[in-house]
Amino acid sequence: MSKTKGMFQKMENDHHFDIYKRYSLTLVKGSGSLVWDEQGNEYLDALAGIAVNNVGHCHPKVTEAIREQAGKLIHISNLYYSEPQSRLAELLTGMSGMDRAFFCNSGAEANEAALKIARKHGNLKGKKGPILSMDNCFHGRTFGTIAMGKAKYSKSFEPMPSGFDRVPVNDLNALESAMNEDTIALFLEPILGEGGVVPVDTAYLKKARELCDKYEALLIFDEIQCGLGRTGAVYAWMHSGVKPDILTTAKALGGGFPIGATLATEAAASILSHGEHGTTYGGNPLACAAAVAALNVIRDEDLAGQARIKGEYMVKELRERTEGWDTVKEVRGTGLMIGVELTFKGAPVVEKMLEKGVLSNCASDTVMRLLPPLVIRQEEMDRLLDVLLDSIRECGSLVGETPQAEQ
């Protein structure tokens with residue numbers, strides 16, 4: 001047994017802000033879809049750092065790009081050009097279908113930049129507002145982003161910034177009623193992640209585009225969680241063909257290294273002028289080199305195609321194997337962004353899966369959210385499915401919800 005067992009957890013508990021409800025697990029190494037703790041125990045990662053490790057843990061090409069760039073140039077500020085940032089801007093705009101990119105450090109920052117573009121756009125048009133978002137959405141933890149999102153993230157920090165309102169997802173009548181000439185922007189996730197893995201209907205997205213065009217409002221897609229191959233397309237907007245004016249991306253962009261980006265059409269990007277927005281660390285050479293490598297892996301290994309095929313397999317297996325279960329309300333998702341909605345709270349299932357060597361997550365209390373690395377192998381998918389279903393069976397029986405026997 002390691003002499004360091006518990007040492008790092010004690011250090012953290014003694015000195016870090018007490019804001020995370022952590023599992024009693026210290027991870028020290030990762031490769032592909034697997035991670036190991038300080039005792040050498042292996043775990044299958046079905047969460048991928050919350051949709052960050054799409055290319056897997058420590059992909060050799062990303063790791064090598066970081067090592068090489070760290071030995072050359074790490075930071076210079078945005079007062080100067082750098083080769084990695086220039087290469088990333090060209091590569092990312094090409095892969096996303098957008099025209100211009102602004103680089104930052106996180107998804108919340110990417111969304112804040114989008115909000116500033118939207119607010120200035122509204123001011124130029126003489127609009128009174130609001131900026132609309134979806135019920136039960138999540139866009140980050142800054143003041144602007146929590147003002148758009150779930151009430152539970154903002155209730156301790158009121159008063160919130162004004163000028164925001166929400167509409168029900170997939171309710172065409174409610175959307176049409178909410179929008180008018182004063183609407184500044186419509187901000188949505190093509191698939192709500194924290195909201196319970198809820199896909200937005202294509203008809204809703206098309207109506208959103210139509211109404212934004214009608215009222216000269218900006219259509220903004222938050223693809224921080226669902227982007228970069230996760231849903232079976234490089235970006236989820238490509239499934240519907242409904243192209244936003246602004247697209248935000250982060251999480252998987254750096255292959256595990258922190259970086260975010262606000263992508264926009266030429267018209268939307270041109271709303272900001274020199275000095276109206278910026279960042280010190282955003283787009284630094286090290287982060288951009290990691291992102292270039294990660295994007296090349298996503299493209300060259302066709303991880304979007306892999307996600308589509310693997311996701312279809314997992315959803316099919318889950319639906320067939322849980323048919324008739326009282327514990328499972330619905331299996332839904334696109335690609336390797338899958339939600340299994342339970343009829344009871346999922347926290348015990350997460351704990352049970354951890355005991356069985358699989359890292360998982362529950363969103364919106366009752367939805368088991370599966371976000372494995374897109375490089376997950378067949379035997380690992382089968383292991384994940386077996387552990388998940390066994391855990392649901394065991395935990396469901398404890399709350400009086402016993403699934404019918406599998407046929």
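The values are calculated or read from the model by the stated rules, or taken from the named source; none is laboratory data. Keep in mind that this is a model prediction, so the values were computed, not measured. No Cβ is skipped: glycine too gets one built from the backbone with ideal geometry, and neighbour counts run over all protein chains shown. Remember, those area values only see protein heavy atoms, side chains included, never the ligands or the DNA or RNA. Shrake-Rupley method; radii C 1.70, N 1.55, O 1.52, S 1.80 Å.
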Scanning region 99-122 for residues that are under 11 Å from residue 249 (Cα atoms) and in a strand (DSSP E or B), which turns out most open to solvent (accessible area, probe 1.4 Å)? 102
In region 99-127, what residues are in contact with a helix residue (DSSP H, G or I) (Cβ under 8 Å, 6 or more places away or on another chain) and among the aliphatic types (A, V, I, L, M)? 101, 108, 115, 117
How about region 305-317: which of its residues are farther than 12 Å from residue 376 by Cα and either buried (at least 22 other Cβ atoms within 10 Å of the Cβ) or at pLDDT below 95 (or both)? none
Hey, any hits in region 251-267 for a residue that's free of Cβ contacts under 8 Å to residues at least 24 places away in the same chain, of a type outside the set (A, V, I, L, M, F, W, C) and open to solvent by 10 Å² or more (accessible area, probe 1.4 Å)? no
Could you tell me which of the residues 191, 220 is among the β-branched types (Val, Ile, Thr) and within 15 Å of residue 111 (Cα to Cα)? 220
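Which residues, counting only those in region 123-132, are of a type in the set (A, V, I, L, M, F, W, C) and open to solvent by 10 Å² or more (accessible area, probe 1.4 Å)?
Result: 124, single match.
Looking at 206, 214, 155, can you tell me which residue is more than 30 Å from residue 63 (Cβ to Cβ), open to solvent by 10 Å² or more (accessible area, probe 1.4 Å), at pLDDT below 95 and basic (Lys, Arg)?
155
Considering each of 343, 322, 327 in turn, give the residue that is open to solvent by 20 Å² or more (accessible area, probe 1.4 Å), touching a residue at least 40 places away in the same chain (Cβ under 8 Å), within 24 Å of residue 194 (Cβ to Cβ) and among the hydroxyl-bearing types (Ser, Thr, Tyr).
Numbers: 322 fails: open to solvent by 20 Å² or more (accessible area, probe 1.4 Å); 327 fails: open to solvent by 20 Å² or more (accessible area, probe 1.4 Å).
So the residue among 343, 322, 327 that is open to solvent by 20 Å² or more (accessible area, probe 1.4 Å), touching a residue at least 40 places away in the same chain (Cβ under 8 Å), within 24 Å of residue 194 (Cβ to Cβ) and among the hydroxyl-bearing types (Ser, Thr, Tyr) is 343.
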How many residues are in a loop (DSSP other than H, G, I, E, B), in contact with a Phe, Trp or Tyr (Cβ under 7 Å, 6 or more places away or on another chain) and crowded, with 22+ Cβ neighbours inside 10 Å when one looks only at region 357-372? 0
Could you check, for region 85-101, whether at least one of its residues is within 30 Å of residue 274 (Cβ to Cβ) and touching a Ser or Thr at 6+ places or on another chain (Cβ under 6 Å)? yes
Kindly indicate whether any position in region 213-223 is of a type outside the set (Phe, Trp, Tyr), in contact (Cβ under 8 Å) with a residue 24 or more places away in the chain, farther than 23 Å from residue 262 by Cα and not in a helix (DSSP H, G or I). no
What's the total number of residues in region 270-324 that are over 17 Å from residue 91 (Cβ atoms) and part of a helix (DSSP H, G or I)? 17
Log entry, pairs with first residue in region 224-240 being farther than 19 Å from residue 140 by Cα, second being surrounded by 24 or more Cβ atoms within 10 Å (Cβ to Cβ) and among the aromatic types (Phe, Trp, Tyr), beta carbons closer than 7 Å, six or more apart or on different chains, reads 237/221
Return yes when residue 72 is basic (Lys, Arg), more than 21 Å from the chain's Cα centre (by Cα), modelled with pLDDT of 95 or more and under 24 Å from residue 371 (Cβ atoms) and no when it is not. no
